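K.L.:
Quick one: the structure is below, and I'll ask about it shortly.
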Amino acid sequence: MKMKMRAKKVFALAMAALMIFALAACGVKDDVSAGTSADDAKNLDDAVKIYKELMDEENKILSENQELWEKVFAAADKRDMTLQEDGKNYGDFLMDTIEAAKDSFSADELKTLKEGAKRISEIENELTKLEEEYPEVREKAIDSAMDASGDGSMSVPADSDNVDVSKAQKFPAFDGKDFDGNKVNSDKLFSKNKVTVVNFWFTTCKPCVEELKELEALNKELAKKGGQVVGVNAFTLDGDKQAIADAQDVLGKKGVTYKNIWFKSDSKAGEFTTGMYSFPTTYVVDQKGNIVGKPISGGITSDEQKKALNALIDQALESSK
């Protein structure tokens, strides 16, 4: 039962990273051309449009055969293959996972899955091209998609009972632990800091991993101002030992030293985490435990995202005076 739930969580989080694009496309565009290419972008606006179309296509590949993909992740979970290698193309990761579990599928199912993984690999290559040419394209695509879905007011829970994180004002209270086993209480954590930046991520999320170095640098800056960064890896809820080990491996490779914590999935903070519609997502919390402004959806690797985050941090620091 635990394995099935973990596999469901892995699939749900993978879908959560794409779902905001599906929301924006809903009722707008039924067919996305498989010939959409990064080479067609002549400027940033073109790049954002193409990026959204490619992400929508990737979402459709996964959502149209959701039961099959759930079987893939369940098989991967049995083989401890749910950790994507840092920097590896997601489609190639899926293909390797499918190949390792091929005995679990019929010939037709295998054909469908391999075709889907092959196309996702192609899409990921195109997305990488766009990101290299236009570094801010992903953040702008997310912002555009959120605007199209109602200015981010619509929440699509990954694996929860319709928790709308956008309506939260105070960060949900929790009693958890850090990855070293030390107890962490939300009231004590927030009250000791003039500002706390809480970053929600998961191990196989490419943009989540890409921003870890930026967050490490931010944590060092905040330490001088009486604040800190805290990570919440969604795979590690309930203290999953393997998930914690996987996360620690990634954090170690990226040189991350700031605190990462976990809490129970059935707690308010746990429901808040699994109610995320997009990963990574970063919240700024003041000394009283209040959420400051709107969350930052997407990586903080662009100048625009950094500026937005720093504005929230300044607001929290001002309130602590």
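The values are calculated or read from the model by the stated rules, or taken from the named source; none is laboratory data. In this text the structure is predicted, and so the values were computed from the model without any measurement. When we count neighbours, we look across all protein chains shown, and the Cβ atoms used for this are built from the backbone with ideal geometry, even at glycine. When the accessible area is computed, the model is the full protein with side chains, heavy atoms only, and any ligands, DNA or RNA have been set aside. Shrake-Rupley method; radii C 1.70, N 1.55, O 1.52, S 1.80 Å.
K.L.:
GLU216 is checked against (1) over 13 Å from the mean Cα position of the chain (by Cα); (2) within 23 Å of LYS307 (Cβ to Cβ); (3) part of a loop (DSSP other than H, G, I, E, B) and fails just one. What number does that condition carry?
P.N.:
With (1) over 13 Å from the mean Cα position of the chain (by Cα); (2) within 23 Å of LYS307 (Cβ to Cβ); (3) part of a loop (DSSP other than H, G, I, E, B) applied to GLU216, the lone miss is (3).
K.L.:
Let me ask something additional. Find the residue count for the stretch 199-213, including only residues that are over 15 Å from the mean Cα position of the chain (by Cα) and not in a helix (DSSP H, G or I).
P.N.:
Matching residues across the stretch 199-213 total 0.
K.L.:
If you take the residues of the stretch 266-312 that are in a loop (DSSP other than H, G, I, E, B) and either free of Cβ contacts under 8 Å to residues at least 24 places away in the same chain or of a type in the set (S, T, N, Q) (or both), which of them is nearest to ASN59 (Cα to Cα)?
P.N.:
SER278
K.L.:
Condition test on LYS42, is it part of a loop (DSSP other than H, G, I, E, B), open to solvent by 50 Å² or more (accessible area, probe 1.4 Å) and modelled with pLDDT of 55 or more?
P.N.:
Criteria met by LYS42.
K.L.:
What is the number of the single condition among (1) open to solvent by 10 Å² or more (accessible area, probe 1.4 Å); (2) of a type in the set (Gly, Ala, Ser); (3) modelled with pLDDT of 95 or more that GLY231 does not meet?
P.N.:
With respect to (1) open to solvent by 10 Å² or more (accessible area, probe 1.4 Å); (2) of a type in the set (Gly, Ala, Ser); (3) modelled with pLDDT of 95 or more, GLY231 is out only on (1).
K.L.:
Let me ask something else. If I go through the stretch 275-298 residue by residue, how many of them are open to solvent by less than 30 Å² (accessible area, probe 1.4 Å), touching a strand residue (DSSP E or B) at 6+ places or on another chain (Cβ under 9 Å) and at negative phi?
P.N.:
Residues in the stretch 275-298 being open to solvent by less than 30 Å² (accessible area, probe 1.4 Å), touching a strand residue (DSSP E or B) at 6+ places or on another chain (Cβ under 9 Å) and at negative phi: 15 in total.
K.L.:
What is the one condition in (1) touching an Asp or Glu at 6+ places or on another chain (Cβ under 6 Å); (2) at pLDDT 90 or above that VAL163 does not satisfy?
P.N.:
Of everything listed in (1) touching an Asp or Glu at 6+ places or on another chain (Cβ under 6 Å); (2) at pLDDT 90 or above, VAL163 misses just condition (2).
K.L.:
In the set GLN228, GLN315, which member is over 26 Å from TYR134 (Cα atoms) and in a helix (DSSP H, G or I)?
P.N.:
GLN315
K.L.:
Restricted to the stretch 235-251, and to residues that are within 16 Å of PHE279 (Cα to Cα) and modelled with pLDDT of 90 or more, which residue is surrounded by the most Cβ atoms within 10 Å (Cβ to Cβ)?
P.N.:
To start, the set of residues in the stretch 235-251 that are within 16 Å of PHE279 (Cα to Cα) comprises 235-237, 247.
Okay, now just the ones that are also modelled with pLDDT of 90 or more, so 236-237, 247.
Details: THR236: 28, LEU237: 23, ALA247: 24.
Ranking the qualifying residues of the stretch 235-251, first place goes to THR236.
K.L.:
Okay, next question. Is it the case that GLU221 is in contact (Cβ under 8 Å) with a residue 12 or more places away in the chain, within 21 Å of LYS307 (Cβ to Cβ) and open to solvent by 10 Å² or more (accessible area, probe 1.4 Å)?
P.N.:
No; evaluated as a whole, the condition is false for this residue.
K.L.:
Moving on to the next point. Given the structure, is SER267 closer than 24 Å to GLU139 by Cβ and buried (at least 17 other Cβ atoms within 10 Å of the Cβ)?
P.N.:
When the stated conditions are applied, SER267 does not pass them.
K.L.:
Among the numbered conditions (1) open to solvent by 10 Å² or more (accessible area, probe 1.4 Å); (2) under 30 Å from TYR51 (Cα atoms); (3) part of a helix (DSSP H, G or I), tell me where VAL256 comes up short.
P.N.:
It fails just one condition, (3).
K.L.:
Given the criteria touching a strand residue (DSSP E or B) at 6+ places or on another chain (Cβ under 7 Å) and either crowded, with 22+ Cβ neighbours inside 10 Å or under 17 Å from THR236 (Cβ atoms) (or both), does PHE272 qualify?
P.N.:
no
K.L.:
Let me ask something additional. Among SER33, SER106, SER63, which is small (Gly, Ala, Ser), modelled with pLDDT under 50 and open to solvent by 10 Å² or more (accessible area, probe 1.4 Å)?
P.N.:
SER33
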